[in-house]
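**Student:** Dropping the structure in here first, questions after.
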Amino acid sequence: MSQSSQVDPAKLAAARAAVALVEDGMKLGLGTGSTASIMVRELAGRVAREGLKLRFAATSQATADLAESLGLRVETLDEIGWLDMTIDGADEVDPHLHLIKGGGGAHLREKVVAAASERMVVIADPAKVVETLGAFPLPVEVLSFGFETTRRLIRKLLDTLELGERDVLQRLKGSDPWVTDEGNLILDLHLEVIPDPAALARGLSCIPGVVEHGLFLGMCDLAIIGREDGSVVELARDADIDADMLAHEGE
Ligand code: 5RP
């Protein structure tokens, strides 16, 4: 099941390297997004060729639908329980392998699945590697009940963290609110930089209407960064990352 030449070569390289880590008998979490979709297709190819016996939980309905369409039977997380590995994309990866996720609006399920995994492997292209998180708007999934109140509390939190005057925008799909797989809404926090991700994560988690934010701190074990030429760079947590080199690689 080889993928067409239109597939981004950097994403494909990262996806292939992650799929190469899969061993027979594993229980896997399947991420969401364009890079994760490439990974799911590569995985389906390996399963078909090698007859691997694997079990799958998906991080979104979109990924579950894709996997099923490729012949991979998806089970609920509760049916499987603990997972050996989750392979997922990211919107930003910093030198500590802290992440921003949720560009696809799936970070709630992605975090639940990653937290139930022995290992979280992130696959990405070089543009995702940053020195400091925050250029990508931080997704925050919130309840529709008291939506504006929650937005106000988030703004107040940002003020206390000296991140005031930033846009906190409701995510839309066309002109309608974006609704997540769990039936919630999303606010995108346009912060530019997040000087203290842990403080922001703590603060957001204390706001009752916040269901989950897209900061994944200390969850990623390995980031595989694909390059245009088909090679990959593997980043382990707290290794030195030459973000400049990686960021310009794919341009
Ligand atoms: C979805 C995510 C994705 O993993 C993230 O947005 C990266 O997506 P892509 O591989 O398409 O760039 O967090 O909620």
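**Student:** Can you name the strands (runs of 3 or more DSSP E) wholly within the stretch 1-99 that have at least 1 residues being more than 27 Å from residue 136 (Cα to Cα) and in contact with an Asp or Glu (Cβ under 8 Å, 6 or more places away or on another chain)?
**Tutor:** Values: elements: 27-30, 55-58, 85-88.
Counting at least 1 such residues, we get 27-30, 55-58.
**Student:** Listed residues 68, 79, 110; which is within 19 Å of residue 223 (Cα to Cα), modelled with pLDDT of 95 or more and of a type in the set (D, E, K, R)? Spell out the reasoning first.
**Tutor:** On the way: 68 fails: within 19 Å of residue 223 (Cα to Cα); 79 fails: within 19 Å of residue 223 (Cα to Cα).
None of the others qualify; the one that does is 110.
**Student:** Something else about it: Being touching a Phe, Trp or Tyr at 6+ places or on another chain (Cβ under 9 Å) and under 30 Å from residue 127 (Cα atoms) narrows it down to one of 28, 70, so name that one.
**Tutor:** 28
**Student:** Output the number of residues of the stretch 128-158 satisfying the condition of being part of a helix (DSSP H, G or I) and either away from the ligand (no atom under 12 Å from the Cβ) or among the aliphatic types (A, V, I, L, M) (or both). Break it down stepwise before answering.
**Tutor:** First, pick out the residues of the stretch 128-158 that are part of a helix (DSSP H, G or I): 128, 147-158.
Subsequent filtering for residues that are either away from the ligand (no atom under 12 Å from the Cβ) or among the aliphatic types (A, V, I, L, M) (or both) retains 147-158.
Number of matching residues: 12.
**Student:** Right, next: Scan the stretch 117-159 residue by residue and report those that are of a type outside the set (D, E, K, R) and over 26 Å from residue 95 (Cβ atoms).
**Tutor:** The initial filter retains those residues of the stretch 117-159 that are of a type outside the set (D, E, K, R), namely 117, 120-124, 126-127, 129-130, 132-140, 142-147, 149-150, 153-154, 157-158.
Listed by number, the residues that qualify are 142, 143, 144, 145, 146, 147, 149, 150, 153, 154.
**Student:** Name, by its number, the condition in (1) within 15 Å of the ligand (Cβ to nearest atom); (2) crowded, with 18+ Cβ neighbours inside 10 Å that does not hold for residue 115.
**Tutor:** It is condition (2) that residue 115 fails.
**Student:** Of the numbered conditions (1) in a loop (DSSP other than H, G, I, E, B); (2) surrounded by 16 or more Cβ atoms within 10 Å (Cβ to Cβ); (3) charged (D, E, K, R), residue 188 fails exactly one; give the number of that condition.
**Tutor:** It fails just one condition, (1).
**Student:** Which condition breaks for residue 125 when tested against (1) within 20 Å of residue 204 (Cβ to Cβ); (2) near the ligand (Cβ under 8 Å from one of its atoms)?
**Tutor:** Against the list (1) within 20 Å of residue 204 (Cβ to Cβ); (2) near the ligand (Cβ under 8 Å from one of its atoms), residue 125 comes up short only on (1).
The values are calculated or read from the model by the stated rules, or taken from the named source; none is laboratory data. Remember, predicted model here, so these are calculated numbers, not experimental data. Neighbour counts are summed over all protein chains in view; Cβ atoms, including those assigned to glycine, are modelled from backbone coordinates with ideal geometry.
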